[in-house]
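The values are calculated or read from the model by the stated rules, or taken from the named source; none is laboratory data. Here the structure is a predicted model, which is why all the values come from computation and not from measurement. Note: ideal-geometry Cβ built from the backbone for every residue, glycine included; neighbour counts use all protein chains shown. The accessibility values were calculated without ligands, DNA or RNA, using every heavy atom of the protein model including side chains. Shrake-Rupley method; radii C 1.70, N 1.55, O 1.52, S 1.80 Å.
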Amino acid sequence: MLINERFSKLRHTAWAALLLLGSIGASATASAAATPVEVPTIQLGDQSVAANFELDGVIEAVKQSVISAQIAGRIASLDVKAGERVRQGQLLLTIDDREVVAGVQRAQAQLAQAEAELRNARVNLDRTRQLQSEGFVSKAALDTADTQYKAALGGRDQASAAVRQAGLAKEYSRVTAPYDGYVSETMAQAGDLAAPGRPLLVLYSPAPLRAVVHVPVTQSAAATDGGKVEVLVPDAQGTARWITPTDRQILSAADPVAQTIDWRLDLPTGELQGLVPGQQVRVRFTGDAAKRPMLPDSAILHRGELTAVYVVGGSGFVLKVVRLGQSFGAEGVEVLAGIAPGDRVAIDPIRAGLAGARPAASGAAPVSTKR
């Protein structure tokens, strides 16, 4: 009986405590609803920053050739392999030249015939000229003999050209290296059929080399106006070093899909140790300092494709869509359009979007957590 009485008293005491806590919580909620959230703001203004950024690039051989056949025929032999070093004039592959040799012989026979006809026409012209001078033939006969001689002369020249052409075709059956380099890829084997224009192998020269980097269109102006461009490459000891290109070529058109512009940076010849075509490198663009309208990245609201900020307007905040430029890391993001210099922007867009949020009186003061 005594235990039951004590349990009843404890239960009544617990219920009283819960009712008291509920009333305190309700009072706190009502007080929080009555007190608006204060959000610090920052004024949009020009800030002196330098356009410094890095992009990935790829090493590329300046002299790179796709070797193709100039005549049709079966590949008789492939004399090189991928990765092999070759010298200028070295035999790379041969094409079956039996048909070409037959063409050469045919052209030489036609030349011999044309030369015989030319000799006959010359003798006939000399004889007709002698007879015409003695009055035995007419002037028309001399003109006919002269025309026949000139026709035979043209036939001889045409046959000579055919012999030279057949000789070139025979030379084309032997494909040689146009310069010193390496074979990076073979695309045919012995027994395959070669045709004019069909790629057979790829050849590149180990020097000179260049770094190719795809610069986004949005950063193209900053890269062009920059004062310095450097390429990070490994050295013989395996460590990295920054080198300055000797020259640069900037393509005038952008890639319609990737929206990038190709930069080709020629590398100094003495700094090519450890570099091979296809190797990835880093390219650093260092620009001059310039005045730009900047906002901290924390003030930007990203919702899908929407980029906006909360701007002080009236008695609260107004959401405005903005167009951003380049990001400068800890220094902030460049604002290109959407708001004007002098506008005050909420540093915390999440708090600024709450009902009843208002700008803090101290501008960029810390966010108030008091309810």
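Structure values in brief
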| quantity | calculated |
| --- | --- |
| Output for segment 321-353, where each listed residue is surrounded by 14 or more Cβ atoms within 10 Å (Cβ to Cβ) and in a helix (DSSP H, G or I) | 331, 349, 351, 352 |
| Cβ-Cβ under 6 Å pairs, at least 6 apart or on other chains, segment 135-159 side of a type in the set (Ser, Thr, Tyr), far side open to solvent by less than 50 Å² (accessible area, probe 1.4 Å) and in a helix (DSSP H, G or I) | 149/121; 149/125 |
| Residue count for segment 68-89, restricted to those that are among the hydrophobic types (A, V, I, L, M, F, W, C) and part of a strand (DSSP E or B) | 5 |
| Filter result for the condition that a residue is open to solvent by 40 Å² or more (accessible area, probe 1.4 Å) and of a type outside the set (Lys, Arg), over 216, 206 | 206 |
| Residue check for residue 318: at pLDDT 80 or above, within 30 Å of residue 55 (Cβ to Cβ) and in a strand (DSSP E or B) | no |
| Qualifying positions in segment 136-162 - open to solvent by 60 Å² or more (accessible area, probe 1.4 Å), among the small types (Gly, Ala, Ser) and more than 60 Å from the chain's Cα centre (by Cα) | 138, 140 |
| Cross-chain or 6+ apart pairs with Cβ under 6 Å, segment 237-248 first and farther than 16 Å from residue 282 by Cβ and modelled with pLDDT of 80 or more, then open to solvent by less than 80 Å² (accessible area, probe 1.4 Å) and in a loop (DSSP other than H, G, I, E, B) | 246/268 |
| Failed item in (1) closer than 15 Å to residue 211 by Cβ; (2) β-branched (Val, Ile, Thr); (3) surrounded by 15 or more Cβ atoms within 10 Å (Cβ to Cβ), with residue 269 passing the rest | (3) |
| Strands (runs of 3 or more DSSP E) (entirely within segment 170-241) containing at least 3 residues that are under 30 Å from residue 268 (Cα atoms) and β-branched (Val, Ile, Thr) | 209-216, 228-234 |
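Okay, residues lined up against (1) basic (Lys, Arg); (2) modelled with pLDDT under 90; (3) open to solvent by less than 60 Å² (accessible area, probe 1.4 Å):
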residue: 58; (1), (2), (3): no, no, no
residue: 61; (1), (2), (3): no, no, yes
residue: 68; (1), (2), (3): no, no, yes
residue: 101; (1), (2), (3): no, yes, yes
residue: 113; (1), (2), (3): no, no, no
residue: 133; (1), (2), (3): no, yes, no
